[in-house]
Amino acid sequence: MPHRKDIWRCGIIDQPVEQVLAQGVADVPVHWLPEEPPFHFLADPFPWRQDGHLHLFAETYDYRTRHGTIDLLSLGADFQVLERRPCLAEPWHLSYPIVFAADGAVWMLPEAHRSGTLHLYRMRSGLHEWVREVEIKLDRVPVDATPFSHGGRWWLFYSPADRRETRMGHLHVAWAERITGPWFPHPGNPVRIDMASSRPGGTATLIDGRIMLPTQDCSRTYGGAVRPLWIDRLDETGFAANAGAPLPVPASAGRYREGFHTLSSGGGVTLIDVKYIDRSLAGLWLEVRRRLR
């Protein structure tokens, strides 16, 4: 019966990711969002600016139900939360709600491997309303699929959900002419096998002519650290990349120093999440009660 529980907390850095990577994150000022109630967490934050306002999409999770949904947080100029509301829920677990624009629409591509599928959602009348639009069919059911537009095509980085080794340590790539597909798996899949730098962990960004894909270092624990994966070749037949050093948890994180698994960016800000591991007897008792229902 699981006793350890990862408790995540999100933070906002008022700098673009290029600057954060150049100067390091150890001592960077971070605006930490409020802690969640016991045995809840907010994780996988992704930013979106609209009409001059910063919004944040994130997974909200309750260990009592073990079911993740997506919340929308609207932030003020000082990064205070002005409004928080649910914006996407399904019968299956959702997380990693990356939001982006393509083909004249705003899209969300949340992680949903427990459903056995990956769906692209289109924003309908506002940031709190999303409609399931397209099923993205790949060679494997993906985890943490991360889209990136490059060289006139859309690329998708993901890890296969098959088993722990592939979820944590394999990187696959697919490409398409349009975000809605059809998608073609890279012939070199898995293009990378490394528990320390394969599973995507945030927004892919072009920096000084190189693609930087944040990846999760799972060599010690799930989401133990973030490593930038610098991609030097990405085309229909080839892939080449080198991993950078793991990023340290910011000094201001307090007890949340046992993991770091998202580095997302957009709108001039960088978002992160960090964790502590709850090992309390209260957490064990919560599991007992949940299983006795």
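The values are calculated or read from the model by the stated rules, or taken from the named source; none is laboratory data. Not measured: the values here are computed from a predicted model. Here Cβ is always computed from backbone atoms with ideal geometry, including for glycine, and neighbour counts include all displayed protein chains.
Scan segment 102-142 for residues that are of a type in the set (Val, Ile, Thr) and touching an Asp or Glu at 6+ places or on another chain (Cβ under 6 Å) and the total you get is 1. Annotation note: of 134, 99, the sole residue that is surrounded by fewer than 21 Cβ atoms within 10 Å (Cβ to Cβ), β-branched (Val, Ile, Thr) and in a strand (DSSP E or B) is 134.
Scan segment 102-131 for residues that are charged (D, E, K, R) and assigned to a loop (DSSP other than H, G, I, E, B) and jot them down. Answer for segment 102-131, where residues must be charged (D, E, K, R) and assigned to a loop (DSSP other than H, G, I, E, B): 103, 124, 129. Scanning segment 222-254 for residues that are of a type outside the set (A, V, I, L, M, F, W, C) and crowded, with 16+ Cβ neighbours inside 10 Å turns up 223, 224, 227, 228, 246, 250. Restricting 69, 65 to residues that are of a type in the set (Val, Ile, Thr) and out of contact with any strand residue (DSSP E or B) (no Cβ under 8 Å at 6 or more places or on another chain) narrows the list to 65. The criterion of at least 1 residues that are within 15 Å of the chain's Cα centre (by Cα) and at pLDDT 95 or above is met, among strands (runs of 3 or more DSSP E) falling completely within segment 187-243, by 205-207, 210-217, 225-234. Screening the candidates 146, 166, 117 for the property of being surrounded by fewer than 21 Cβ atoms within 10 Å (Cβ to Cβ), under 22 Å from residue 195 (Cα atoms) and of a type in the set (Val, Ile, Thr) yields one hit, 166.
A quick yes/no check of all residues on (1) part of a loop (DSSP other than H, G, I, E, B); (2) surrounded by fewer than 21 Cβ atoms within 10 Å (Cβ to Cβ); (3) hydroxyl-bearing (Ser, Thr, Tyr):
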site	(1), (2), (3)
34	yes, yes, no
38	yes, yes, no
45	no, no, no
60	no, no, yes
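Look at residue 262 and say whether it is of a type in the set (Val, Ile, Thr) and in contact with an Asp or Glu (Cβ under 6 Å, 6 or more places away or on another chain). Yes. The set of residues in segment 118-169 being β-branched (Val, Ile, Thr) and either within 19 Å of residue 47 (Cα to Cα) or under 15 Å from the mean Cα position of the chain (by Cα) (or both) consists of 143, 146.
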